[in-house]
Structure formats: structure tokens, C-alpha cells
Amino acid sequence: MTDFAQYDGYKKDFDFHVGPAQPDAFRSREFGDRLWADVSRLLGTLFEGGTITPDDHDGYNYWFDNDDLSASLYSGPPESDSGVLDQVPAMLTVISRSEDVASSELAERIHAGLTASDDYLVVVFAHDGMPIAANFDIGDDW
């Protein structure tokens, strides 16, 4: 398991790139809704009052925040010719606003839950853009 705490700190986020393990007939909204619901469940936080808005490129932006955390998700169509990122078209960031829970703890919980389900391909990037965890081979060309 990756030690996310070593990458934690003030203004240091964890960016999750997520895609379906079975990419047949990918639909941005359906995938985004399922991922958003799974993240809500994993965090034990109902994303009530959050927003879901379409963009001009067949994608959807999801947003939620409260006193404890903020969460954003973009689920859009896969881009061709972007290598590994073709497989993980959704971008998720969850940031802790709590003094008691670090962002790394939230990231570890999300990573463990998403990778345990076998439904998702997941790559996690540290704030500096370096990949720190993946549940499939992403190669070494970063």
C-alpha cells in the first residue's frame, strides 16, 4: 500500500485519474454518477447539495463542499493519443478541510476502496504531477 502521508502537506492535493476496468461503451454521465456515489460512500459523506453540471465537451463537472472536505470530479470522454490517461478519463480531487483528518487519509481511503472493487482503473498523482499509485501498469514515461 502506498504511504500517501509522505506526500501530504499544506496546499498539496492528490489527483485521482479514474476509468472503468471494462471500458466498453463508456458514457461520461453514467460513469461519473457511479464514481461520485462510490466516493461519497467511501468517505461516509452524503454529497447532498453538491452540483453536477455539463460542459461543452460531453463531460460533467461534479462539486461538493462542507466544513470537512471539498470534492470535485470531472468525467469526460476519453481523449485519444494521450497514452495511459486515455484509460482513466475521470479526474477526482478530494481535499480535507478538517484539522483532524489529513488529505492523505482521505486519499488512502478512496484509493483502497476504488482499487478493491475491481471496477476501476486508478492512477493517483501527487501535487507535483508524479504518479504515486496505480492499480495497472502505467509504464515509466512520466
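Scanning residues 5 or more positions from TYR120 or on other chains, those with amide H under 5 Å from its amide H are ALA21, with H placed 1.01 Å from N in the peptide plane. With each label modelled as a point 7 angstrom along the Cα→C-beta vector, the ASP118-ASP67 pair spans 4.1 nm.
Its Cα centre serving as origin, the chain has a Cβ charge dipole (Lys and Arg +1, Asp and Glu -1) of approximately 260 debye.
For the chain, the relative contact order comes to 32 percent (Cα pairs under 8 Å, sequence separation of at least 6). Helical content of the chain, expressed as a calculated mean residue ellipticity at 222 nm, amounts to -7000 deg cm²/dmol (DSSP H runs of 4 or more residues, -39,500 (n - 2.57) each, divided by residue number, nearest 500). Here the relative contact order of segment 30-111, from alpha carbon pairs under 8 Å that lie six or more residues apart, stands at 23 percent. Across segment 70-80, computed HN-Hα scalar couplings (Karplus, 6.51 cos²θ - 1.76 cosθ + 1.60, θ = phi - 60°) run 10, 9, 9, 9, 10, 10, x, x, x, 8, 7 Hz from first to last residue, x flagging Gly and Pro. Taking all protein chains together and rolling a 1.4 Å probe, THR53 ends up with roughly 70 Å² accessible.
3J(HN,Hα) along segment 45-55: 10, 6, 8, 5, x, x, 10, 10, 10, x, 10 Hz, from the Karplus curve 6.51 cos²θ - 1.76 cosθ + 1.60 with θ = phi - 60°, whole Hz, x for Gly and Pro.
With a Förster radius of 22 Å applied to the C-beta separation of LEU85 and GLN6, the computed FRET efficiency comes to 0.35.
Each 5 Å bin, from zero up to the one with the longest distance, holds this percent of the alpha carbon pairs of the chain: 2, 10, 21, 24, 22, 15, 6, 1, 0.
Across the alpha-carbon set of segment 32-90, the Rg to Rh ratio works out to 1.03, Rh being the Kirkwood radius.
The values are calculated or read from the model by the stated rules, or taken from the named source; none is laboratory data. Predicted model only: the values in this text are computed from it and were never measured. Note that we place each Cβ from the backbone using ideal geometry, even for glycine, and neighbour counts take in every protein chain shown. Surface areas here come from the heavy atoms of the whole protein model, side chains and all, with no ligands, DNA or RNA. Shrake-Rupley method; radii C 1.70, N 1.55, O 1.52, S 1.80 Å.
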